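*Asks:* Quick one: the structure is below, questions incoming.
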Amino acid sequence: MPVKPEIAAERIFAGLSGDWTLHRAMGETGTFTGTARFFIAPDNPENTLRYREEGVLQRFDGQHFEGYREYDFVLRGQAIEMLFRDPVGFGNRYVLLDFNNISDNDVLAAQDHHPCGDDMYHHRMFWHHNDHFETRIKVVGPKKDYELHTLYHRAKADG
């Protein structure tokens with residue numbers, strides 16, 4: 001029996017909390033490997049999780065850089081809204097992921113796009129289960145053409 005969309009978004013939102021490992025393929029640039037955490041920050045409004053990823057970008061030319069990124073994930077009915085936390089776009093919507101699509105094998109899927117200048121970011125999220133999800137972000141524009149594919153796995157508890 002298919003999952004109702006509003007229940008799907010609530011279930012995914014509740015399942016995001018905690019620590020994750022991540023591995024991101026970045027097209028011809030390289031890979032990004034690290035950790036991500038979804039948590040309730042002291043300044044978060046209700047139904048909001050802070051997302052923070054940290055890790056190392058390993059470029060194919062041998063260079064490597066440490067980096068991080070933050071978003072707020074806000075439950076909005078049958079959708080999850082991602083808001084920027086960087087100084088330039090702080091509080092603005094990146095995407096609104098409406099989980100009204102169920103793909104093959106009962107994988108919950110959502111997609112939206114975000115214009116950034118002349119470029120377009122096509123963001124897709126696939127929720128496999130509470131221990132694994134992935135995102136695919138296709139970036140196209142006059143000077144950009146690549147895909148970011150990120151696999152998230154629930155971090156194992158120490159013990």
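*Asks:* With the condition kept exactly as written, say whether any residue in the stretch 60-67 is touching a strand residue (DSSP E or B) at 6+ places or on another chain (Cβ under 9 Å) and surrounded by 15 or more Cβ atoms within 10 Å (Cβ to Cβ).
*Replies:* no
*Asks:* What's the number of the only condition in (1) surrounded by 14 or more Cβ atoms within 10 Å (Cβ to Cβ); (2) within 30 Å of E10 (Cβ to Cβ) that P42 fails to meet?
*Replies:* All conditions pass for P42, except number (1).
*Asks:* Where residues in the stretch 115-148 are farther than 18 Å from F13 by Cα and of a type in the set (K, R), which of them is nearest to the chain's Cα centre (by Cα)?
*Replies:* R136
Read the figures in this text as sums done on the coordinates, not as results from a lab. The structure displayed is predicted, hence computed values, not measured ones. All Cβ positions, even for glycine, are placed from backbone atoms using ideal geometry, and neighbour counts span all protein chains on display.
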